[in-house]
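The numbers here are math on the coordinates, done by the rules we state, and not lab data. Remember, predicted model here, so these are calculated numbers, not experimental data. Positions of Cβ are backbone-derived with ideal geometry, glycine not excepted, and every protein chain shown enters the neighbour counts.
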Amino acid sequence: MKNNLSNIKKSKYYLDKNECIAIPTETVYGLAANAYSKKASLRIFKLKKRTRKNPLIVHYYNLQMLENDCFTNKNFYKLYKKFCPGPLTFVLKLKKKSKISKNVTNNKKTLAVRFPNHPKTKKLLRLLNYPLAAPSANISKKISPVSKDDVEEEFGKKIKFILNGGRSKIGLESTIISLVNKPQILRLGGIERSKINKVLKKNIRYNKTNKKIEVPGQSKLHYSPGIPIRLNVSRPSRNEAFILIKKRKKTFNTYFYLSKTKNLKEAGKNLYKTLRIIKNKNYKSIAVEKIPNFGFGEVINDRLKRASSK
Ligand code: TXA
Ligand code: MG
């Protein structure tokens with residue numbers, strides 16, 4: 001490889017060789033590889049220590065490329081028009097002629113797809129003649145990464161290249177909606193539920209416990225800093241890290257604020273970073289104050305519940 005290549009060209013160089021690299025997205029960083037290649041997609045599972053049963057999200061540059069692989073429908077176009085590129089993942093029926101590797105889907109007849117909204121990753125996708133399979137760039141069940149440093153912390157030297165795109169703007173994973181049958185939300189995330197309901201003009205079901213479809217957001221322990229977390233706490237114990245949603249008048253160095261003003265979007269953006277900081281300060285337990293359960297608060301509570309599950 002020539003030394004003077006731009007970082008985007010370097011990324012393409014590695015991906016064309018069926019290597020895995022990390023890419024920035026507006027939600028979290030992804031561990032990306034050619035979704036049409038068996039060899040490349042297997043590398044993702046190995047690096048992440050992820051069960052092969054758990055299928056991968058595939059990232060596309062545009063509709064044309066997606067239509068080679070999946071069937072679309074009216075609801076898809078309505079949501080696409082409103083939210084894409086952006087933090088929304090669609091589960092669609094896979095076409096028989098699709099070139100997506102069977103490892104990516106775990107032989108399922110559906111595919112989870114997304115159009116990420118990050119300038120560097122969009123530029124990269126435009127240069128490639130294949131879409132990118134990319135789960136979050138963390139070891140399975142651990143905290144998702146929202147910066148280059150976080151990815152390095154997860155994988156060290158095991159990863160060939162990280163395309164640095166700064167801090168992820170949203171900081172929580174995409175919302176997943178299945179449009180295979182009746183629309184159904186499978187994971188809460190970067191697009192609030194109320195906004196989806198508004199576009200589709202009905203209340204879309206949110207299925208937390210669909211046993212048939214395995215979604216990480218549905219497996220119990222996830223997004224875990226590896227230490228116990230207590231929720232809805234008003235008084236933390238001594239030496240416990242305390243996560244708060246709004247700045248207090250009286251504060252301590254064991255207090256960690258997700259937002260200054262109880263802004264739930266800002267709090268969502270800071271959630272994974274805060275958990276990672278606390279973990280790295282070697283606290284033995286975390287307490288979290290009650291977080292309002294609407295809008296992004298609902299997503300934060302979902303992630304915290306899973307992070308605190310045993
Ligand atoms: O924001 C995001 O979605 C990030 C960025 C990198 O795009 N990606 C992400 O991927 O969160 P991951 O793998 O950590 O979580 C996506 C989940 C998968 O674990 C899988 O369970 C679910 O989406 N999924 C994938 N294919 C599916 C399918 N065909 N049906 C239902 N769920 C599926
Ligand atoms: Mg993940």
Computed [θ] at 222 nm, deg cm²/dmol, the chain (DSSP H ≥ 4; -39,500 (n - 2.57); rounded to nearest 500): -9000 deg cm²/dmol
Any aspartates and glutamates whose Cα falls less than 19 Å from that of K123, other than same-chain ones fewer than 8 residues away, would be D16, E19, E26
For K158 and R126, calculate 0.36 nm times their separation in residues minus their Cα-Cα distance, and state this gained length in nm to one decimal. 8.9 nm
Over 23 Å between Cα atoms: which of K195/K260; K93/K182; K284/K310 fall into that group? K195/K260
With the chain treated as a Gaussian network of Cα nodes joined by springs under 10 Å, which of S174, S37, S234 yields the largest mean-square fluctuation? S234
For helix 7-16, what angle does its Cα long axis make with the longest principal axis of the chain, in degrees from 0 to 90 and rounded to 10? 60
Based on the Cα gyration tensor of the stretch 132-266, what are the three equivalent ellipsoid semi-axes, each the root of five times an eigenvalue, rounded to whole Å and given largest first? 29, 23, 16
On Cα atoms only, tilt of 264-280 relative to the major axis of the chain in degrees: 80
To make sure I understand the rule: partners must be lysines, Cα under 16 Å from the Cα of K49, and not fewer than 8 residues away in the same chain. Which ones qualify? K39, K141, K142, K157, K158
Beta bridges per DSSP with both ends in the chain, % antiparallel, nearest 5: 50
Assigning unit charges at the beta carbon (Lys, Arg +1; Asp, Glu -1) and nothing else, what dipole magnitude in debye, to the nearest 20, does the chain show about its Cα centre? 500
Between K93 and D149, what length comes free when the chain is fully extended (0.36 nm per residue of separation minus the Cα-Cα distance, one decimal in nm)? 16.6 nm
Round to the nearest 0.05 the FRET efficiency obtained for R205 and K260 when R0 = 35 Å and r is the Cβ-Cβ distance. 0.50
